[in-house]
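Participant: The structure is given below, and queries will be raised subsequently.
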Amino acid sequence: MMTPVSRSDGRPGGRGGAAMAVLAGLALACAVAPLMADGAAIRRHDADPLVAALLDGRGSLSFALFAGLLGGAVGVGWGVLATALGQRAERRLMTAATRLTALPLVLMVPLAAGLLGGGVGILALTVALAVAPAIAGLAHAELNALMRREFLTAARAAGLSEGTILRRHLIPNALRPLLAAGALALPRALAAESFAGLLGLGLPAPLGSWGASAGLAARLGDPLALAAPALLLAVSLWALCAFAESLRAQGPRSGNPRP
């Protein structure tokens, strides 16, 4: 009986827990930020820099979750289809993903926002399409690595049918690597929107964005107003990347072929 060796040594799990705690704290702080603003109505110019940055975080984090989930789903589906449709389709789909990943797709985001009006839906779709090829490559690599694991070879040698192998071993073991690959779409989506926001072509002004506020503060030469959104953006990117990496480091869940 073959059991795959986990890649986790204890440290990735701890880092993932710290990342989740940071993200939960940021989300909570952003959610209660309106209560910290002076007056019955929220007046962004009257708020201190930290409160203003937390208000912006509601737009940035919500958009990253929405666009990241969309891009992750497209990318993971792309990688799974490439693996499932045979060698010829796999070669074509992954060649396209590799070529697209090599392009500066992040430039599509402000370009689409400028040409198509900058609506949230258009922006989210553009960000999702920009991050999907890289996620497809990661998902495909994880599936290929899983297909070569010894426990699947042992399951085939034990005479199990392909349907049984798929249901009992491949799908359960593929969930965590594919989830880890898809989770990397979240920091990519946040970074893409923030880049567009720096140029003034990100989320619409009423929603708020760390990138937009950092770009405005930089143009006005206000270091205090720049520090808070830049710091919160950096911490959020680290936490999202650390969370995704902790999932990847844990490896497949299990793999015990049974005849």
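The values are calculated or read from the model by the stated rules, or taken from the named source; none is laboratory data. Computed from a prediction, not measured in an experiment: that's the story for all the values here. With ideal geometry, Cβ positions are generated from the backbone for all residues, glycine too; neighbour counts draw on all protein chains shown.
Participant: I need the full set of residues from segment 198-231 which are part of a helix (DSSP H, G or I), buried (at least 24 other Cβ atoms within 10 Å of the Cβ), in contact with a Leu (Cβ under 9 Å, 6 or more places away or on another chain) and in contact (Cβ under 8 Å) with a residue 60 or more places away in the chain, in order please.
Facilitator: Passing the criteria: Trp210, Gly211, Ala212, Ser213.
Participant: Would you mind finding the one in Ile171, Ile122, Ile135 that is free of Cβ contacts under 8 Å to residues at least 12 places away in the same chain, assigned to a helix (DSSP H, G or I) and within 22 Å of Ala82 (Cα to Cα)?
Facilitator: Ile171
Participant: Still on this structure: Can you confirm whether Asn173 is closer than 24 Å to Ala244 by Cβ, modelled with pLDDT under 90 and buried (at least 18 other Cβ atoms within 10 Å of the Cβ)?
Facilitator: Yes, satisfied.
Participant: Taking Arg168 as the residue in question, decide whether it is more than 25 Å from Leu129 (Cβ to Cβ), surrounded by fewer than 21 Cβ atoms within 10 Å (Cβ to Cβ) and more than 21 Å from the chain's Cα centre (by Cα).
Facilitator: The answer is yes for Arg168.
Participant: Which one of these is surrounded by fewer than 14 Cβ atoms within 10 Å (Cβ to Cβ) and small (Gly, Ala, Ser): Gly137, Gly121?
Facilitator: Gly121
Participant: Follow-up question, since we're still on this one. Listed residues Ala84, Ala112; which is under 30 Å from Ala205 (Cβ atoms) and under 25 Å from the mean Cα position of the chain (by Cα)?
Facilitator: Criteria check complete, one pass: Ala112.
Participant: Is it true that Ala128 is surrounded by 20 or more Cβ atoms within 10 Å (Cβ to Cβ) and either among the β-branched types (Val, Ile, Thr) or under 15 Å from the mean Cα position of the chain (by Cα) (or both)?
Facilitator: yes
Participant: Among the residues that make up segment 115-122, is at least one of them touching a helix residue (DSSP H, G or I) at 6+ places or on another chain (Cβ under 8 Å), more than 30 Å from Gly57 (Cα to Cα) and β-branched (Val, Ile, Thr)?
Facilitator: No, the conditions are met nowhere in segment 115-122.
Participant: Look at segment 17-72 and say how many of its residues are at pLDDT 90 or above and exposed (fewer than 14 other Cβ atoms within 10 Å of the Cβ).
Facilitator: Of the residues in segment 17-72, 4 are at pLDDT 90 or above and exposed (fewer than 14 other Cβ atoms within 10 Å of the Cβ).
Participant: Sticking with this one: Within segment 105-128, track down each residue that is within 14 Å of Ala189 (Cα to Cα) and of a type outside the set (A, V, I, L, M, F, W, C).
Facilitator: Pro110, Gly121, Thr126, listed by residue number.
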